[in-house]
1. Do we have Phe420 as open to solvent by 20 Å² or more (accessible area, probe 1.4 Å), assigned to a helix (DSSP H, G or I) and modelled with pLDDT of 85 or more here?
2. I'd like to know if segment 11-31 contains one or more residues that are more than 29 Å from Val273 (Cβ to Cβ), at pLDDT below 55 and open to solvent by less than 20 Å² (accessible area, probe 1.4 Å).
3. I'm told Ser239 meets every condition in (1) more than 18 Å from Thr192 (Cβ to Cβ); (2) open to solvent by less than 20 Å² (accessible area, probe 1.4 Å) except one. Can you identify the failing condition by its number?
4. Of all residues in segment 385-397, which are open to solvent by 50 Å² or more (accessible area, probe 1.4 Å) and in a helix (DSSP H, G or I)?
5. For Phe385, work out the one condition from (1) among the hydrophobic types (A, V, I, L, M, F, W, C); (2) in contact with a Leu (Cβ under 8 Å, 6 or more places away or on another chain); (3) closer than 30 Å to Ala274 by Cα it doesn't fulfil.
6. Select from segment 423-432 the residues that are open to solvent by 10 Å² or more (accessible area, probe 1.4 Å) and assigned to a helix (DSSP H, G or I) and list them in ascending order.
7. Just to confirm my filter: which helices (runs of 4 or more DSSP H) fall fully inside segment 181-282 and include at least 3 residues that are over 24 Å from Gly143 (Cβ atoms) and either among the acidic types (Asp, Glu) or free of Cβ contacts under 8 Å to residues at least 40 places away in the same chain (or both)?
8. Quick one: in segment 140-177, of everything that is β-branched (Val, Ile, Thr) and crowded, with 22+ Cβ neighbours inside 10 Å, which residue is farthest from Ala110 (Cα to Cα)?
Amino acid sequence: MSDEKKIEQEPREGAVDPDPRGQRLHGASAADDKVLRMGTASIPRLITEFAIPSVVGMLINGSYAIIDSVFLGHAVGEIGLSAMTVANPIMVVFMAIAMLVGNGGNALAALRLGEGRREDAERALGNVVSLSLVMAVIVAFLGWFPASTDWLLDLSSATDEVRPHASVFIQIICSGFILQCIGLGVNNFIRTCGAPNRALGTMVIGLVSSVIFNFIFVILLGWGVAGSGLATVLGWGCSCVAVLWYFCGKAEAPLRLRPPLMALRPRMDTTIVAYGFPSFCVQAGMAAVNFVLNFQLVKYGALSPIGADDALATIGVVQRIAQFSIMPLVGMSIALQPLLGFNYGAHKVDRVRKTLWYGIGAATTISVVMFAAVQLFAAPIAQAFGIKHEGLVEFTAFAIHLQFLMIPFVGFQIVGANYFQATGQPAKSIFLTLTRQILFLLPLLYLMPLWLPAVVPQYNGLDALLFAMPIADFLSIFTTAVFIGWEMARLRRLAR
């Protein structure tokens with residue numbers, strides 16, 4: 001059945017079509033009321049309630065890499081920052097896997113709750129935990145298999161000096177991947193249960209723990225990169241325990257993690273992966289970009305006065321800030337996901353449209369604030385990471401200014417692409433997600449160093465790499481605008 005036929009008839013406000021098996025939510029408990037209000041309460045109020053903890057939570061999640069870099073930059077120096085730059089693509093891949101199963105299962109659960117099918121939503125939760133366990137075993141094996149670790153380091157363009165430090169860090173975080181997969185991926189289900197503040201609390205626990213462990217292991221004990229990796233894993237562990245406690249130990253939770261519903265179901269798991277693939281593409285695309293960028297940095301950095309290792313360290317700082325700045329926008333899209341999914345599943349077309357536009361407005365506001373902050377404080381940001389050489393500080397600030405030229409409009413692109421994921425249209429979401437990271441940016445990373453110095457001689461190949469991101473951002477924003485325009489026209493027809 002087509003999407004237009006499925007949501008052609010919009011029921012009265014507050015109604016939810018009953019499932020033939022009689023599993024719909026009746027509002028019989030406070031927990032059920034928290035879910036049902038997603039289809040009846042004020043949209044701006046719901047977005048505010050869901051977005052604040054979600055945005056803060058994603059900032060917290062992005063802070064792990066920032067914290068590691070700051071501690072290592074001051075305790076170890078540029079070599080520690082270079083090791084983190086080399087390891088960063090692998091960490092991003094891990095986050096991509098966690099979001100593949102977590103966001104996919106959460107999107108499916110939100111749709112099923114909107115349709116009144118609670119047991120199917122709980123089965124999605126159970127399957128996400130089981131899939132996380134399977135993937136964690138695979139990741140741990142690959143992390144401790146020397147051939148795969150060497151291949152990843154080669155792919156990430158690790159120099160001989162950086163390689164041993166990055167290798168130790170990768171092995172440690174591979175061992176603790178299951179903690180990240182549950183702590184990050186399953187955390188989103190807490191928001192779908194109507195408890196966004198509790199979801200934020202589980203992330204705060206992980207971040208605070210990571211800061212404490214980093215201070216102890218890196219600063220006090222002097223364990224360097226290994227201490228930073230161990231601190232990150234222990235932070236994930238504290239968050240993981242808090243997440244599991246909600247679904248296993250809290251009797252009032254609308255969804256429960258029950259062993260009978262954890263048995264893998266190929267059909268459901270395929271749907272989970274399909275719904276989560278756009279989120280995976282965001283992170284995997286970022287990892288692919290980092291691999292290519294590291295290769296280009298080593299190549300063109302060696303030809304510049306900065307040198308290859310310092311180029312990795314400097315652009316590593318820019319990458320941390322860029323990823324950190326994107327996190328609140330991803331958090332906004334995650335906050336909107338249960339609201340869009342529930343109302344789309346409940347056939348409330350008008351609420352779907354309003355939720356999208358309010359969300360885009362909020363994401364744009366965040367983007368503008370982030371743009372102003374990094375443009376005003378680019379040099380102090382570089383120095384906060386332990387970069388002291390004046391030439392490196394100047395180059396880092398120049399890179400930050402260029403990378404963030406289009407950030408005021410990136411919120412629209414991220415929320416727009418996520419809309420299609422939340423409403424069960426993964427193919428469109430995957431395409432729009434790939435435009436920013438893969439279809440536009442990767443070719444530009446190869447073309448800009450060849451083309452720009454020939455046209456503008458004052459820029460060398462290393463400088464030219466910095467222009468690729470704002471150009472790719474512009475192209476992806478324009479493409480997303482076209483898709484959103486088509487979708488709004490379709491929803492207007494349905495509303496009539």
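1. In short, no.
2. So far as segment 11-31 goes, yes, one or more of its residues are more than 29 Å from Val273 (Cβ to Cβ), at pLDDT below 55 and open to solvent by less than 20 Å² (accessible area, probe 1.4 Å).
3. Result: Ser239 fails condition (1) only.
4. Glu390, Glu394 - these are the residues of segment 385-397 that are open to solvent by 50 Å² or more (accessible area, probe 1.4 Å) and in a helix (DSSP H, G or I).
5. So the condition that Phe385 fails would be (3).
6. Hits for segment 423-432 are Pro426, Ala427, Lys428, Ile430, Phe431.
7. 196-214, 224-249
8. Within segment 140-177, the match that is farthest from Ala110 (Cα to Cα) is Val162.
The values are calculated or read from the model by the stated rules, or taken from the named source; none is laboratory data. Bear in mind the structure is a predicted one, so any value in this text is a computation, not a measurement. When we count neighbours, we look across all protein chains shown, and the Cβ atoms used for this are built from the backbone with ideal geometry, even at glycine. Surface accessibility is based on the protein's heavy atoms, side chains included, excluding ligands, DNA and RNA. Shrake-Rupley method; radii C 1.70, N 1.55, O 1.52, S 1.80 Å.
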